[in-house]
Amino acid sequence: MSDTGFSEDADARVAEKHRFPCPACGSDLRFSADKGDLMCDHCGHVEHVSAVGRDQWDGALRELDYEAALRKQVPAEEIVEIRAAHCDSCGADIEMSQVQQAKECPFCASPIVTDTGSHRQLKPQALLPFKLDEKRAHEKMSAWLGRLWFAPNGLKEYARKGRRMTGIYVPYWTYDADTRSQYAGQRGDDYYTTRTRVVKGETRTERVRKTRWRNVSGHVARDFDDVLVLASDSLPRDYTDALEPWDLGELVPYDPSYLAGYVAEGYSVELKPGFSVARQKMDAVIAADIRRDIGGDHQRISSVDTDVSDVTFKHILLPIWMAAYKFRNKSYRFVVNARTGEVKGERPWSAWKIAFAVVLAAVVAGAALYLNQMQ
């Protein structure tokens, strides 16, 4: 056993990952998002992606036992050794092949100076292959940038020049769990009374809404499937949440062929902290279930006791296109869902454009006031 608790037998499965030489000319193959196969840009050779990934599976992805994984009791075939480079600026761990040398972080455009070497991680069980190629992703990003009225002109120029984007597989956990919750609270039912009052000498009768509260208790049950949690700290969660929903029904078993030509990020959020995030999502759904169960016009929840059982998980990879833009020595990032084209990003604000808009608004308001007075 290694110091991580994972079996040393995994070493035998370490190969030149994510590099697939073309059998015709020896150049590197890449996975083509629009073709769905490995392509050689040098000679045009096409190589079919491993049949295990698409043609020979029964539609059921294997879930791993959560408690067993916490005890490091994971089958050796579920462990993989990766070589990664760490970005000190944003914290991303970028997976590299044995021949790659990382120069720039695709998440923040900062130089990567730390090579963390090889270490063991849980192998992804599944992934969503890229569906949008770089050209289509850039079109989506350019359209999004074009709608930013108060962005600096440099951003528009950035979009016009069509700087290369980076295709990245981002790590996620998905959790399944059975939950049974006992709750106590209050149900509020509205009712109406009438009252009469005098306003400025006039007698008025009006309806007044009131709420009658009573104590309630009960239980709800919910079986959760594929609660999605970002397993990385390199991107803000509101970014990745904005890219949802993902078509998880199209997940395919992990096959390194899909990674050819793309960057893969290793997970930095471990399994247990990831489940804490999943529990927050589960608790929000359970609270909604309780409110429906209480019924009435208003609900108050005073206590919830939830029993969680049969927790399983998957480590999966989801595809995004990433562009990092530097403006006045600060990095700004744009991400595109490589399945749906949904875009999310951060942007600098142009101070002179905002000032111009304020002055223009003041001029227009002043002109309108002047014309109104003249009339």
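Look through segment 310-340, keep the residues that are modelled with pLDDT of 90 or more and among the polar types (S, T, N, Q), and return whichever of them is least open to solvent (accessible area, probe 1.4 Å). Per the stated criteria, the residue is N337. Among the residues examined, K344 does not qualify as part of a helix (DSSP H, G or I) and either buried (at least 18 other Cβ atoms within 10 Å of the Cβ) or at pLDDT 95 or above (or both). Taking segment 52-69, which residues are of a type outside the set (G, A, S), at pLDDT 90 or above, part of a helix (DSSP H, G or I) and surrounded by 15 or more Cβ atoms within 10 Å (Cβ to Cβ)? Correct list: Y66 only. Considering only segment 121-153, state which residues are modelled with pLDDT of 90 or more, in a loop (DSSP other than H, G, I, E, B) and in contact with a strand residue (DSSP E or B) (Cβ under 6 Å, 6 or more places away or on another chain). Residues satisfying the conditions are P124, Q125, L128, F130. Residues in segment 255-291 that are in contact with a Ser or Thr (Cβ under 8 Å, 6 or more places away or on another chain) and either in a helix (DSSP H, G or I) or at pLDDT 95 or above (or both): 6 in all.
Across segment 203-243, the qualifying residues are those that are among the acidic types (D, E) and in a helix (DSSP H, G or I), and the one among them that is nearest to the chain's Cα centre (by Cα) is D241. Given the condition assigned to a loop (DSSP other than H, G, I, E, B), among the hydrophobic types (A, V, I, L, M, F, W, C), at pLDDT 85 or above and under 22 Å from K131 (Cβ atoms), answer yes or no: does some residue in segment 18-26 qualify? No, the conditions are met nowhere in segment 18-26. Looking only at residues of segment 201-245 that are in contact with a Ser or Thr (Cβ under 6 Å, 6 or more places away or on another chain), within 27 Å of V304 (Cα to Cα) and of a type in the set (D, E, K, R), we find that the one that is most open to solvent (accessible area, probe 1.4 Å) is R222. Is at least one residue of segment 40-51 at pLDDT 85 or above, within 24 Å of Q125 (Cβ to Cβ) and surrounded by 13 or more Cβ atoms within 10 Å (Cβ to Cβ)? There is no residue in segment 40-51 that is at pLDDT 85 or above, within 24 Å of Q125 (Cβ to Cβ) and surrounded by 13 or more Cβ atoms within 10 Å (Cβ to Cβ).
The values are calculated or read from the model by the stated rules, or taken from the named source; none is laboratory data. Remember, it's a predicted structure, so these values are computed and weren't measured experimentally. No Cβ is skipped: glycine too gets one built from the backbone with ideal geometry, and neighbour counts run over all protein chains shown. Accessible surface is based on the protein model in full, side chains and every heavy atom, while ligands, DNA and RNA are left aside. Shrake-Rupley method; radii C 1.70, N 1.55, O 1.52, S 1.80 Å.
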